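Enquirer: To start, I am sharing the structure in question, which I have written as structure tokens.
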Amino acid sequence: GTGTTIVEVSPGGHQRLFATIPARSVPGGVGLTTALVALRSGWVIVGSLPTADGTSATMKPGELFVLDPWGHVREVIRGYGIDGPWDATALDLGSVADLFVSNVLNGITNGQPAATTKGDVIRLTLKLTGAEPKVIGSRVIANGISVHTDPAALVVGPTGVALSPSGTLFVADTVNSRIAKIPNAVFRSSPVNAGAAPATDARGPPLNGPLGLTLAPNGDLLTANAADNNLVELTQRGKVVAVHDVDTADPP
């Protein structure tokens, strides 16, 4: 709820500061989230869910910052269903891109109520041929996902998002230790209840507060548990392939 920096990490592990977005650059402040996407054209898009003091009582709906390849903010995107952007992924087609963003603040104002099932996922279609990316379409493609405020994490809600080549979007339902699936995410015109049983791809152990989510080169899903440091590999049908503790030294 208060972070303002983005770090670039090279494939070899070299780190450098890519951008600092001044906290006073927009009304309500800056609080960068993991809704972070780098497009092939060089644009970097990052979500912000700002707070005045790092607590859920002062959370604001936020926005998306669009940065150029040199880390300069060129555009701020508000509205279009953006309400607490928490994670993101993109289908990058060069001249256009579909940006899939999970939201955690629908139905929550000033930190209340402390828990809802109104988390959702929106699809923003961006035109990339102009001076800056331009939103040319917006659609809610999933809703009904559990969210709750948390004194340590600020918010716990739908975090990892990963798009398969077939067009199914997978979402890490962190609160309920499950993976949800949204079929036809690229062309869908009405939302799926992603919190309902039919949308469940996998649930329960070894999933334990899944956060990050990505597709491995073989098409399997990889998700990182917040509650036990395990990296879990699953098929896209939800079958567990492997579990590996990636940090045996530190507590979850």
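Enquirer: Students often get this wrong, so check it: of K127/K181; K60/K239; K134/K239, which have C-alpha atoms separated by over 32 Å?
Expert: Working: K127/K181 26 Å; K60/K239 38 Å; K134/K239 39 Å.
Checking Cα-Cα distances, K60/K239; K134/K239 exceed 32 Å.
Enquirer: Take the alpha carbon atoms of segment 136-198, find their radius of gyration, then divide it by 2.2 N^0.38 Å using N residues; give the quotient. Numbers along the way, then the final one.
Expert: Values: Rg = 12.5 Å, N = 63, 2.2 N^0.38 = 10.6 Å.
Here the Cα radius of gyration is 1.17 times the empirical estimate.
Enquirer: Less than 18 Å apart at the alpha-carbon level, and either on another chain or at least 8 residues along: which aspartates and glutamates does that give for K118?
Expert: K118 reaches D83, D87, D150, D173.
Enquirer: Stokes-Einstein at 10 °C, 1.306 mPa s, Kirkwood radius from Cα pairs: D for segment 179-244 in µm² s⁻¹?
Expert: On the way: Rh = 12.6 Å.
Diffusion coefficient, whole number: 126 µm²/s.
Enquirer: With the cut-off at 1.5 for a/c, could you classify segment 107-235 from its C-alpha gyration tensor as rounded, prolate or oblate?
Expert: Working: a/c = 1.64, a/b = 1.18, b/c = 1.39.
Because a/c hits 1.5 or more and a/b fails to exceed b/c, segment 107-235 counts as oblate.
Enquirer: Could you tell me how far the Cα centroid of segment 162-209 sits from the Cα centroid of segment 32-67, in Å?
Expert: Using only Cα atoms, the two centres lie 22 Å from each other.
Enquirer: Between the DSSP loop rule and a limit of at most 10 other Cβ atoms within 10 Å, which chymotrypsin sites (Phe, Trp or Tyr not before Pro) in segment 67-133 are left? The partial results should precede the final answer.
Expert: Working: sites: W70, Y80, W86, F100; in loops: W70, Y80.
Answer by residue number: W70.
Enquirer: Along the Cα-to-Cβ line of D245, 7 Å from the Cα, sits a label point; which residues in segment 197-211 have backbone N less than 19 Å from it?
Expert: What the label zone holds, given the 19 Å backbone N cut-off, is 205-211.
Enquirer: Which residues among segment 165-187 fall inside the zone where the amide N is under 13 Å from a point 7 Å beyond the Cα of V96, along Cα→Cβ?
Expert: 186-187
Enquirer: Hey, can you find the accessible area per residue of the chain for me, probe 1.4 Å, expressed in square angstrom? Show your work: numbers first, answer last.
Expert: Details: 11570 Å² over 252 residues.
Spelled out: the 1.4 Å probe surface of the chain, per residue, equals 46 Å².
Enquirer: How many percent of the alpha carbon pairs in the chain exceed a separation of 27 Å?
Expert: Numbers: 10667 of 31626 pairs.
Tail fraction, whole percent: 34.
Enquirer: Between V241, V66, V101, where does the largest GNM mean-square fluctuation fall for the chain, given springs only between Cα atoms within less than 10 Å?
Expert: Judging by the Gaussian network model, the answer is V241.
Enquirer: Right, here's the next one. Cβ neighbours within 10 Å, averaged per peptide: list 245-251, 21-27 in order, most packed at the top. Walk me through the intermediate numbers first.
Expert: Values: 245-251: 7.7, 21-27: 13.6.
By packing density, highest mean first, the sequence is 21-27, 245-251.
Enquirer: Give the carbon-plus-sulfur fraction of the accessible surface of the chain in %, rounded to a whole number; probe 1.4 Å, heavy atoms of protein chains only.
Expert: 54
The values are calculated or read from the model by the stated rules, or taken from the named source; none is laboratory data. Predicted model, so just to flag it, every value in this text is computed and none were measured. Positions of Cβ are generated from backbone atoms using ideal geometry, with glycine treated the same way; all protein chains shown enter the neighbour counts. In case anyone asks, the SASA skips ligands and DNA or RNA and just uses the protein heavy atoms, side chains included. Shrake-Rupley method; radii C 1.70, N 1.55, O 1.52, S 1.80 Å.
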